[in-house]
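Reading through the structure tokens given below for one structure.
Taken together, the values in this text are just the output of simple stated rules run on the coordinates, not laboratory data. Everything numeric here is computed off the predicted structure, so don't read it as measured data. Using ideal geometry, Cβ is built from the backbone for each residue, glycine included, and neighbour counts are taken over all protein chains shown.
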Amino acid sequence: MSWIDNCNLCPRRCGANRKKGAGFCGCQDEMVVSKTMLHHWEEPVISGDRGSGAIFFSGCNLKCNYCQNREISFKISGERLDSASLAGKMLDLQNAGAHNINLVTAAPYSPLVKESLKLAKGKLIIPVVYNSSGYETEEAIESLAPFVDVFLPDLKYCSAEISSKYSSAPDYFSVAYKAISAMLKARPKVIIEDGLIKKGVIIRHLVLPGKREDSLKIMDVIGENFNGALLSLMRQYTPDFATEDCDLKRRVTSFEYESVLNRAIELDLKGFFQDKESAVSSFTPKF
């Protein structure tokens, strides 16, 4: 029985028959891409001066209730593509000058994405970035690893209570920990050439309002367990996208962010750090 008939691609293992209906992620048996673009608002080593070749997939297996991309993570909208067409989109972005191919939330379609990367192999000469929520199975990461140069996962939460409340995933931390460990096993060393990342892992963490203690724990986890990865500490949370039932109704304070940043500095974590000007909705792509 294939994943299409009984889907177990992600940690939810919801068992959906995606020929007949959608799983928790909202996706069926065809890939849906909401937008392709040269993205200039990623980390400097990813966006460079020409932009990252971002491919935004529709649907998500996490559905955080404050998601800035909720227009496409909660709803399925965009262009339906087969593997050959997606490979063509990748090559189009390469021809447009993209520094890399940036696969944004591709987890619900991972076997089809893998097939696209196989088809593009030999023609695609820029790095492939796998941009992930971190809520992935080890098997999916191991399957994709031969085709991915840079893993860009989130590590959102330590607390099961917090991850359950905002992402309906009480097992988020244990799952993401194993997934990121698999990413680091595949890409244990960051390689940067001419200011652009070629291989490696960058772990993102978004500081949330009122959740400073959880963020401090995340810094400790990264420092103790994920040597070899870079950190991207983000301050860009904005309440503009929060659902009505989400109580994160304010921005992160300077005290909250700077205390987490100071912990990262104490732990000698290397990477990228945002300023408060990043916390505006205008930086979110229009879908």
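Points to keep in mind about this one:
- Rounded to 5, percent antiparallel among DSSP beta bridges of the chain: 35
- For Gln28, neighbours were defined as the other residues whose beta-carbon sits under 11 Å from its Cβ, and their charges (Lys and Arg +1, Asp and Glu -1) total +2.
- Exceedance of the 20 Å cut-off in Cα-Cα distance is limited, within the set Lys20/Lys118; Lys63/Lys198; Lys19/Lys75; Lys20/Lys114; Lys63/Lys165, to Lys20/Lys118; Lys63/Lys198; Lys20/Lys114.
- Shown for the chain is the translational diffusion coefficient from the Stokes-Einstein equation, using the Kirkwood radius over Cα pairs, a temperature of 37 °C and a viscosity of 0.692 mPa s: 172 µm²/s.
- In this structure the amide hydrogen of Lys199, modeled in the peptide plane, comes within under 5 Å of the amide hydrogens of Ile191, none closer than 5 places in sequence on its chain.
- Packing-based ranking, highest mean first, of 145-154, 83-92 given that Cβ atoms within 10 Å are counted: 145-154, 83-92
- Spatial offset of the range 53-99 relative to the range 220-271 amounts to 25 Å, using the alpha carbon center of each.
- Annotation for Ile125 and Glu193: the two label points, set 7 Å from Cα along the Cα-Cβ direction, are 1.1 nm apart.
- Nitroxide proxy distance, nm - points 7 Å out along Cα→Cβ at Glu79 and His40: 2.2
- Difference of contour (0.36 nm per residue) and Cα-Cα distance, Lys185 to Asp171: 2.9 nm
- Footprinting exposure proxy for Ile72, Ile126 (fewest neighbouring C-beta atoms within 10 Å first): Ile126, Ile72
- Rough spin-label spacing in nm, given labels placed 7 Å along Cα→Cβ, for Asp275 and Asp5: 5.7
- Percent of alpha-carbon pairs separated by more than 14 Å within the range 92-131: 47
- Partner aspartates and glutamates whose Cα lies under 20 Å from the Cα of Lys178, excluding those fewer than 8 positions away in the same chain, are identified as Glu136, Glu138, Glu139, Glu142, Asp149, Asp154, Glu161, Asp214, Asp220, Glu224.
- Sorting the segments 56-65, 221-230, 255-264 by their mean number of nearby beta carbons within 10 angstrom, highest to lowest, gives 56-65, 255-264, 221-230.
- For the peptides 170-179, 73-82, the ranking by mean Cβ contacts within 10 Å, running from highest to lowest, is 170-179, 73-82.
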